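Below: the structure, in structure tokens.
Values in this text are rule-based calculations from the coordinates and carry no lab data. Keep in mind it's a predicted model, so treat the numbers as computed, not measured. Virtual Cβ from ideal backbone geometry, glycine too; neighbours counted across all protein chains shown.
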């Protein structure tokens, strides 16, 4: 087939499958669609189809309030180059459902539509009114978000995204109440994206999980970690990375390759979940040899009768973690484990998972200790070293008979200097913030941001006695997170009391109005980590922004981003150094 014929074939196929995806149910996987789109981009980079968004709706049409485009994708290889040109980064979940917009007036829903082709979408006003609440505002506001489906029930569809599209495209309202929307943009808003999120939260609406990044040097590693350890009960397919008005999708091409299962390993996780990992005959995906792939959970193994000899199709999500895209054949050797591979205790069940309920399980405890240390900024101590020096519980970290320079230096092979630094870092964990300590407990689905929300409503000493009703009243804590918290928080009370006996003190985060109404952007390296200065600004009533005409101050340190400095000069924004910032904070 000639290149031109191949291009025409790809255009036809992409149009067909794009139309199915946006209006009904997809027939092929994301991986297969991405491969076709990538091939067309290689053969004909200027093809106008690559610039089109979505597909025209088949039902009642509605004009979008503004053009609703999609994000540019940046590959893992090109991401460092993009990052080097940007500063003041904010990341948020790239939700995988259906893009929608909703217009509110005096608190009530006026109109709502899907993105469609970017200009014309499908009118879903009546459907949205059944699952999106009114807002706490008398203003006229238009928000953009993603309609999603949470949980494991798919209501007869292949996956959550197909279920969202199918439910919204039905002529009736069957199962529409099972949907929800997470918002991320104020359409025609004149403020920073961070302010958009804060404003939407103030309306009482859920937002895509987001985070401001103070130190961008570890951002790619953080993103890969987040994608490797997704624990949401809804789908995301990457992260949105934004600097000022420019945003990209941190998402990579997927390539599906068939192989055969040789064995299934069952690994114990920090929360006791027993996670299946496939050992497969070696294959190459995007140039990387793959020998293992995640198999999701015990229910997936059981439903697909996976085992030695099964044929599977594997992709690498975001070119990081391989997973099963499709099961091609069952195994005659299918079986589920009955006892924990670490402690030998009989396994229980929790929803789709097998779980180890033994609180003394060694593997669980090692992983909990590692999570605890990393969240409290203790670096340098690997799980291998912990095992060698016989650390079995968090209590052991504060036992000088176990944790001392001589033992760590000798057993861990780290040397006296590194061992001393590790011990100093462990001791510093006794001076921390309530939010960081709660996040260090590692409650399932409970991020640092969620810990912050909880502790805005309750004191730390109260969290061990909270009820389901207490938790469910907090924005962002749904039934699953509430139940996980109640199930897992009780054993940590003893740890908390132990830490207090060792001298635990919380850092007070005092707030003032010193910088009220003032916005700041920091670029370059200061005497302390940027995050510390940003925290001081926020705690003093200021806010963080990007270089625009609305910015009040650009704070510069060594190696400041030059284009930001030049832009600030053009806009006549005051440029100050660290000493001036400190004087403003007083």
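Per the helix-only calculation at 222 nm, which mean residue ellipticity applies to the chain, given -39500 (n - 2.57) for every DSSP H run of n ≥ 4 and division by its residues, nearest 500 deg cm²/dmol? The helix-only estimate for the chain comes to -9500 deg cm²/dmol at 222 nm. Each label point was placed 7 Å from the Cα along the Cα-to-Cβ direction; for residue 218 and residue 449 their separation is 1.8 nm.
Here residue 424 and residue 401 are evaluated by their C-beta separation; at R0 = 25 Å the FRET efficiency comes out at 0.90.
Each label point was placed 7 Å from the Cα along the Cα-to-Cβ direction; for residue 384 and residue 571 their separation is 4.8 nm. Taking every alpha-carbon pair under 8 Å whose residues sit at least 6 apart, the chain reaches a relative contact order of 10 percent.
Please give the length that would be gained between residue 323 and residue 469 if that part of the chain were fully extended, namely 0.36 nm times their separation in residues minus their C-alpha to C-alpha distance (nm, one decimal).
Difference between extended and current length: 48.9 nm.
Taking all Cα pairs closer than 8 Å and separated by 6 or more residues, the relative contact order of the range 72-250 comes to 32 percent.
Placing dummy labels 7 Å off each Cα toward the beta-carbon, the span from residue 504 to residue 81 is 4.8 nm.
Taking mean projected area of the Cα convex hull in nm² as calculated from this structure, the corresponding entry among [x] 33.7; [y] 26.0; [z] 29.8 is [z]. Each peptide among 573-582, 234-243, 302-311 gets the average number of other Cβ atoms lying within 10 Å of its residues, and from highest to lowest they stand as 234-243, 302-311, 573-582. The residue 6 and residue 302 beta-carbon pair, evaluated with R₀ = 56 Å, returns a calculated FRET efficiency of approximately 0.85. By the count of neighbouring beta-carbon atoms within 10 Å, fewest first, 471, 585 end up ordered 585, 471. Note on residue 393/residue 106: beta-carbon distance plugged into 1/(1 + (r/R0)^6) with R0 of 60 Å gives a FRET efficiency of 0.60.
What length, rounded to one decimal in nm, is gained on full extension from residue 277 through to residue 265, with 0.36 nm per residue of separation minus their alpha-carbon distance?
Working: separation 12, 0.36 × 12 = 4.32 nm, distance 0.51 nm.
Answer, rounded to one decimal: 3.8 nm.
The fewest-to-most ranking of 535, 294 by surrounding Cβ atoms within 10 Å reads 535, 294. Once a ≥ b ≥ c are taken as the square roots of the eigenvalues of the Cα gyration tensor of the range 519-585, is the result rounded (a/c under 1.5), prolate (a/b larger than b/c) or oblate (a/b not larger than b/c)? Because a/c hits 1.5 or more and a/b fails to exceed b/c, the range 519-585 counts as oblate. Let me make sure I get this right: for the range 72-250, a, b and c are the square roots of the gyration tensor eigenvalues over alpha carbons, sorted descending. Under 1.5 in a/c it's rounded, otherwise prolate if a/b > b/c, else oblate. Which is it? Here the range 72-250 falls in the oblate category. Taking every C-alpha pair closer than 8 Å and separated by at least 6 residues, the mean separation divided by the residue count of the range 71-123 gives a relative contact order of 19 percent. Taking the centroid of alpha carbons for each part, the range 412-464 and the range 556-586 are 33 Å apart.
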